[in-house]
Structures are given as C-alpha cells and as structure tokens.
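The structure appears below as structure tokens.
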Amino acid sequence: CTILAIESSCDETSAAVISDGKILNNIVATQSVHEKYGGVVPELASRAHQQHLIPVVAEALRTSGVSKKDLTAVAFTRGPGLMGALLVGGSFAKAFAYALNIPLIEVNHMEAHVLAHFIEKPYPEFPFICLTVSGGHTQLVLVKNHLNMEVLGETSDDAVGEAFDKIAKILGLPYPGGPHLDRLAGKGNPKAYSFPLSDMKGLAFSFSGIKTAVLYFLKENIKQEPDFIATHLEDICASVQFTLVKMLMQKLVKASREHQILEVAIAGGVSANSGLRNTLKEAALENDWQIYLPKLEYCTDNAAMVAMAAHYKYRAGIFCDLDISPLAKMKIGYHG
Ligand code: ATP
Ligand code: MG
Ligand code: FE
C-alpha cells in the first residue's frame with residue numbers, strides 16, 4: 001500500500017508518503033507567524049495551513065516519486081488539536097480521497113506520536129511504556145500493540161511542554177521557548193536553585209505549580225538584584241529543566257515498576273529535550289531498561305508519524321467515512 005498522510009493539528013503543516021511500511025519523505029512547514037504573539041494564534045494557524053498545505057503535499061508527492069494514481073489511501077490527523085487547523089487538513093484529505101476514489105484513514109495525533117517509534121529500527125517490543133510529552137499533553141501510555149494503547153496516567157493541568165514554554169516566556173526567551181531553555185540549561189548548574197516537585201498521586205502529573213513557583217522566585221530575587229534573570233539565566237534554566245525532568249522520571253519509574261515493563265520509550269516534542277534524553281539513558285542503566293528515543297525530526301509534529309499510524313490501520317482494514325468530523329479533544333483509543 002502507498003499512503004499520503006497529512007498533519008495539521010497545531011502549527012506545523014506536514015505531508016508524508018509511506019509505501020509498504022517505509023517512510024519515503026516527511027515535508028514539514030513550520031509556521032513562523034506565531035512568534036511575535038508568544039504563542040499559537042488559532043485563526044492564524046488555520047490560515048497558514050491553507051496557504052502551506054497544497055505546496056507541502058505537492059512537494060511530498062514530487063520527492064517521493066509517487067504519482068497521485070499510485071496512492072492506495074489518504075490519511076489525516078483527526079484530533080486532538082485546534083479545530084480550525086484540523087479542519088483544513090481533514091477537508092483536504094477528504095476531497096483528495098473522494099477525487100481519487102480511494103479510502104480515507106483517520107489518525108489520532110497522540111497515537112501517531114507513539115507510533116513514530118516504528119519509522120526506524122530498533123522497534124520497541126510489546127508491551128512497552130511510552131512517556132508522551134508535548135505542547136498539549138503529558139501521558140504515560142501502555143502500548144499493547146500498534147492499534148491498542150491505554151493511558152495509565154496524565155497531567156491534571158498544564159502539559160510539560162506548556163510549562164517549558166511558559167517559563168521560557170517569563171524568562172524573556174522567544175516562542176516556542178522549550179528548545180531555547182534546553183540550550184541555555186546545558187551551560188548552567190542544575191543544582192543552583194531548587195523548585196518544588198508536585199505531589200500528585202499515582203501516575204498523574206501536575207505542572208502548573210512550578211510555573212507559579214518560578215514566577216515568585218524570580219520576583220523575590222529581582223527585588224534584591226534587578227538584573228537577576230540576565231546574570232543567572234543559564235543556572236535558572238538548568239534548575240528548571242532539572243526539576244521538570246525529575247517530575248517526569250519519577251512517574252516513569254513508577255509506571256515501569258508497577259507494570260513490570262522494562263521496554264521504555266519517549267515521544268512528542270519534549271522528547272527532543274537533551275536533559276530528558278540524558279536522564280533517561282542514566283535511568284536505563286539503573287533500572288535495566290531498553291530505551292527508545294525518536295530521531296529529532298520525529299519528536300515534534302510531523303506527517304511521517306501519521307503515515308506510520310495509517311499504515312497499521314490500512315493493514316487491519318480500518319478506514320473511515322467521508323462524513324467524519326475532526327475532534328479538538330480526542331482520547332487515545334477512541335473509535336467513533
Ligand atoms: P500535542 O502533541 O500535545 O497536540 P503539539 O503538537 O503542539 O502538542 P509537539 O509539536 O509534539 O506538540 O511539541 C511541541 C512542544 O515541544 C513545545 O512545547 C516545545 O517547546 C517543546 N519542545 C521542543 N523541543 C524541546 C526541547 N529541546 N526541550 C524542551 N521542550 C521542547
Ligand atoms: Mg508545533
Ligand atoms: Fe504533537
């Protein structure tokens with residue numbers, strides 16, 4: 001089978017082609033319009049998707065060497081994401097499938113982040129635990145097979161990517177701040193300052209407290225030393241990153257022990273974080289884990305992961321009707 005996949009859930013317009021399980025390309029247009037607002041503006045995202053989608057699809061078809069008539073299915077991200085953004089990709093995919101008279105496949109964006117692990121070997125063995133950390137989600141997922149996943153625990157408030165971005169914004173870093181905070185953290189002392197860990201029960205996370213804690217910490221220090229942020233930026237970033245990573249790792253270790261699973265993966269935009277990647281490598285030695293880190297281009301939003309998810313659905317004969325609607329909120333495992 002040869003599938004064209006489209007991703008448009010947030011601020012990346014992306015298209016990829018997969019043929020017999022092999023990803024042929026992954027074209028991503030990142031929207032820069034949001035930078036000056038310090039966050040994604042939904043209406044601007046929809047308009048930018050409309051502008052970028054056709055050139056991105058044309059590029060994906062051209063560089064894959066696959067012509068439209070060779071496609072056996074079209075796939076798209078149905079949710080979760082911004083409704084207007086999802087509508088652009090979804091409507092295009094429907095029209096394309098209808099015009100070519102080929103089946104349509106809907107993909108859950110959070111399942112796709114997990115399935116990015118099957119783009120390149122080594123593949124995790126089932127069952128494995130995936131910590132999915134992104135701009136909108138923080139989830140511990142028990143992955144039973146390509147088509148069956150269960151959320152074991154998730155955040156009760158902000159996502160960890162949101163915490164990275166909001167704290168970076170307070171520190172005056174450009175949007176999205178996660179990668180900037182990561183880079184500066186690499187030059188600082190992670191033990192310079194300490195911030196409270198959350199005390200959530202079980203496998204639940206909470207990241208709203210640390211944002212407030214950092215804000216008050218900065219206010220207090222600025223009173224004594226007006227240039228506090230500028231003169232201590234690297235140490236602040238390192239300490240914040242250390243705390244966020246520790247909060248993630250505590251629950252990941254707990255999930256692995258409770259379920260007695262030693263196959264451990266991370267996914268989503270924040271899985272690009274160097275602090276998380278290094279700490280995971282250390283934890284693998286301590287806990288006897290086999291760990292799986294996605295390539296950086298498959299951490300943040302991309303259509304290759306959507307194509308991968310669609311491939312497994314195609315093999316199982318799971319298609320959808322042309323009257324399907326996008327879902328801004330869509331749980332893992334939802335079929336309806
Ligand atoms: P979701 O997948 O939950 O719908 P999203 O699609 O917006 O949200 P992704 O594209 O998967 O999220 O990830 C974007 C997030 O990843 C942003 O919050 C960004 O700051 C964060 N991020 C990317 N690289 C890094 C990094 N190196 N360190 C920390 N955070 C990072
Ligand atoms: Mg993005
Ligand atoms: Fe995402």
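The values are calculated or read from the model by the stated rules, or taken from the named source; none is laboratory data. Note that the coordinates shown come from a computational prediction; the quantities given were computed from them, not determined experimentally. Every residue, glycine among them, receives a Cβ derived from its backbone with ideal geometry; neighbour counts consider all protein chains shown.
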Could you please let me know if Ala93 is away from ligand 1 (no atom under 16 Å from the Cβ) and under 23 Å from the mean Cα position of the chain (by Cα)? yes
Out of Ser8, Ser19, I need the residue that is more than 15 Å from ligand 1 (Cβ to nearest atom) and buried (at least 16 other Cβ atoms within 10 Å of the Cβ). Which one? Ser19
Give me a count of the residues in the range 248-285 that are under 21 Å from His180 (Cα atoms) and either more than 18 Å from the chain's Cα centre (by Cα) or within 16 Å of ligand 2 (Cβ to nearest atom) (or both). 9
Only residues that are touching a helix residue (DSSP H, G or I) at 6+ places or on another chain (Cβ under 6 Å), farther than 22 Å from Lys254 by Cα and of a type in the set (Phe, Trp, Tyr): list them for the range 272-317, please. Tyr298
Unmet requirement for Asp165, which otherwise passes all of (1) buried (at least 21 other Cβ atoms within 10 Å of the Cβ); (2) closer than 30 Å to Lys68 by Cα; (3) acidic (Asp, Glu): (2)
If we scan the range 137-157, do we find a residue that is farther than 16 Å from His259 by Cα, within 16 Å of ligand 2 (Cβ to nearest atom) and acidic (Asp, Glu)? no
Scan the range 302-319 and report the pairs whose first residue is at pLDDT 95 or above and buried (at least 21 other Cβ atoms within 10 Å of the Cβ) and whose second residue is in a helix (DSSP H, G or I) and small (Gly, Ala, Ser), with Cβ atoms within less than 6 Å and a gap of 6+ or a chain change. Met305/Ala112; Met305/Ala116; Val306/Ala112; Ala309/Ala112
I'd like the full set of residues that are within 15 Å of ligand 1 (Cβ to nearest atom) and under 20 Å from Asp227 (Cα atoms), limited to the range 178-189. His180, Leu181, Leu184, Ala185, Lys187, Gly188
Selected residue (only one of Ala48, Ala85, Ala58, Ala75 is more than 16 Å from ligand 1 (Cβ to nearest atom), more than 11 Å from Ala303 (Cβ to Cβ) and small (Gly, Ala, Ser)): Ala58
Which residues, taken from the range 9-25, are among the acidic types (Asp, Glu) and under 17 Å from Ile105 (Cβ atoms)? Asp20
Candidates Ile236, Ile229, Ile324, Ile291, filtered to the one that is more than 16 Å from ligand 3 (Cβ to nearest atom), of a type outside the set (Asp, Glu), in a loop (DSSP other than H, G, I, E, B) and in contact with a Leu (Cβ under 8 Å, 6 or more places away or on another chain): Ile324
Would you mind stating whether Glu263 is out of contact with any Pro (no Cβ under 6 Å at 6 or more places or on another chain), more than 13 Å from ligand 1 (Cβ to nearest atom) and charged (D, E, K, R)? no
For the range 28-140, list the helices (runs of 4 or more DSSP H) that sit wholly inside it and hold at least 3 residues that are within 14 Å of ligand 3 (Cβ to nearest atom) and surrounded by 16 or more Cβ atoms within 10 Å (Cβ to Cβ); which are they? 83-100, 109-115
